[in-house]
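J.: There's a structure below that I have some questions on.
The values are calculated or read from the model by the stated rules, or taken from the named source; none is laboratory data. Only a predicted model underlies this, so the values are computations on that prediction, with no experimental measurement involved. Reconstructed Cβ throughout: ideal geometry from the backbone, glycine too, with neighbour counts over all protein chains shown.
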Amino acid sequence: MSASNDNRLSYLQISTCALMSGVIGRSFTAPLDVLKVLTQIGVLKSDRGIRYLASKIKIKDGMRGFWRGNFTSCVKLFPHSVIQFTSFNQLKWTFSDDLGRLSAGKSIVAGTLAGINATLFTYPLDLIKTRLIVQPFAKTKSVYNGIGQALITIIRQEGIFGLYRGFSVTLAGSIPYAAATYTMFEFLDLVWMKPRYRLQPIEIMIQGCLASSIALTLTFPFDIVRKKMQTQGNFIQQPGGIDFKNGWDCFKSIIVNHGKRGLWRGILPAILKVAPYNGTLFLSYELCKRFSLYQNGYSDNPFTEPGRVLDQNIDRDELQDISDYDIELDMEILDDNDKDS
């Protein structure tokens, strides 16, 4: 059951859970994101392996080099997480049946529209984050020193449309990625054969990792083209001096220079990053939601599987009315047989 299916949570609680989960997940996996981006772009001789690339980053920029662009990503995640999670939850509520279930087709539509909304408003921050990661490590050669200065510099040198380099590729890739992620997440709900509010934290973690890994593998060529398009400009030279006219030209150039395998260049660090990121994202979101439900009176246990659960079909307003009139509600006692079912 989603956070908004029966209005158990307020909009502020849903937004807070989305923001906290995004920041925690992104900061926890920032080093893997740096390795992924540098591998995709092909700098610092990234073709020699992840271990070699990590050692070069540590030598050139110290440990802080592994968190390049992390602040920008966290700033981006505030609007991105809120828009994506709340959009999907609202669309899921709109499209779901009386039991709160979604068909595969409606789940894809909901995930797709949520991905479009999030991408449209946060793309410039994603582009700035990528450029902060791939710019020269030496301070004397760095072009950007922060979000504000990068924003102004890009607009001055490349115009306002410079902030949307590769946007069409990003949109094309984010749509199937978001759709695949949430579709797999809903499908795995059926595999556990029990409501999501009864899942253990490790089950939520596994669910998020599997869903995001499958979605990433299917849509990775979009991501590598997007990163290469984002890093075009006066501040960095593409490996081999390649300049792309558009996304399709970039796609063909990768195949010509690296073969079809080039479209999945960097997939290993990407999987290593995205799987724990989304797993942590969904886990922290679910834990935050459970704590909010505990605060609202739906459960007597905020973090572990509830031993006593209030009827989840009672919405927040009804629960408040019941509380105002001091009506005592029976709690559902879950015995061992219920938990195993």
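Here is a yes/no grid of residues against (1) buried (at least 19 other Cβ atoms within 10 Å of the Cβ); (2) aromatic (Phe, Trp, Tyr); (3) modelled with pLDDT of 80 or more:
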residue	(1), (2), (3)
Arg226	yes, no, yes
Asp243	no, no, no
Gly247	yes, no, yes
His258	no, no, yes
Cys288	yes, no, yes
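J.: Scan (1) among the aliphatic types (A, V, I, L, M); (2) over 22 Å from the mean Cα position of the chain (by Cα); (3) at pLDDT 80 or above for the single condition Ala138 breaks and write down its number.
T.: Of (1) among the aliphatic types (A, V, I, L, M); (2) over 22 Å from the mean Cα position of the chain (by Cα); (3) at pLDDT 80 or above, only one is false for Ala138: (3).
J.: Right, next: From (1) modelled with pLDDT of 75 or more; (2) touching a strand residue (DSSP E or B) at 6+ places or on another chain (Cβ under 9 Å), pick out the condition that doesn't hold for Thr217.
T.: So the condition that Thr217 fails would be (2).
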